[in-house]
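Take a look at the structure set out below.
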């Protein structure tokens with residue numbers, strides 16, 4: 001069976017370079033970004049705010065992973081996070097690509113800080129450029145899934161990091177942080193899931209379940225996702 005061809009947008013950013021090697025085990029990747037890759041990989045130059053460039057990058061692909069982001073610029077955050085998402089979805093529709101994996105920040109942490117066992121709370125945007133543009137992009141996800149038949153999965157998280165390489169007994173493990181290996185597996189599961197229930201699903205994604213605050217029952221039930229290692233064990237304190 002031929003390997004799927006997957007476009008990785010934002011390939012030179014803060015996230016994608018750390019999952020490229022893992023994803024390349026499963027897929028033939030096309031890396032696209034507006035800047036050089038930090039590890040020297042070949043990059044197709046794509047400005048996600050420019051529709052013809054996005055369309056050209058998407059040609060011949062079976063799925064699209066969108067890891068592009070701009071956080072603080074009052075102009076670029078809208079161009080990248082919102083118009084860029086729109087360009088991706090439009091290109092997918094035009095080319096008949098059904099599967100898109102989208103990404104954004106968690107939007108529940110501060111509202112449920114004192115609670116435990118939170119499974120699937122409603123998301124809440126803010127007035128900051130980063131979060132509000134990503135929040136609106138989730139509205140686009142839902143609209144394109146319902147009206148244009150796309151199969152879209154969105155992962156929301158607060159931080160990404162390498163798996164701890166040894167004990168850290170004087171530190172607390174972070175909430176809503178996903179380690180690279182788990183993100184690779186989540187992306188693989190998302191690309192392979194067909195059909196996506198209701199055409200669109202979002203998941204609060206993390207690797208540290210020991211705090212018992214934000215469950216991943218939804219991700220386990222729909223995607224089959226669970227952290228591959230109990231990484232909170234590295235933070236255990238002697239008793």
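Here are the numbers:
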quantity: Fraction of antiparallel bridges per DSSP, the stretch 65-215 only, in percent to nearest 5; calculated: 0
quantity: Degrees separating the helix 129-148 axis from the principal Cα axis of the chain, which is the longest one; calculated: 60
quantity: Cα gyration tensor shape of the stretch 49-130, rounded if a/c is under 1.5, else prolate or oblate by comparing a/b with b/c; calculated: oblate
quantity: Computed helical MRE - 222 nm, the chain, DSSP H runs ≥ 4 contributing -39500 (n - 2.57), nearest 500; calculated: -8000 deg cm²/dmol
quantity: 127, 177 arranged by Cβ crowding within 10 Å, fewest neighbours leading; calculated: 127, 177
quantity: For 35, 170, 163, order by how many other beta-carbon atoms lie within 10 Å, fewest first; calculated: 170, 35, 163
quantity: Rounded, prolate or oblate (a/c below 1.5 giving rounded, otherwise prolate when a/b exceeds b/c) for the chain by Cα gyration tensor; calculated: prolate
quantity: Cβ-based exposure ranking for 41, 188, 230, in which fewest neighbours within 10 Å come first; calculated: 230, 41, 188
quantity: Cα-based shape type of the stretch 177-229, given that a ≥ b ≥ c are square roots of the gyration tensor eigenvalues and the cut on a/c is 1.5; calculated: oblate
quantity: Area projected by the alpha carbon convex hull of the stretch 1-141, averaged over all directions, nm²; calculated: 9.9
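Laboratory data are not the source of any read-out in this text; all were calculated from the coordinates shown. Keep in mind the model is a prediction, meaning the values are calculated, not measured. Every residue, glycine as well, gets a Cβ built from its backbone with ideal geometry; the counts of neighbours run over all protein chains shown.
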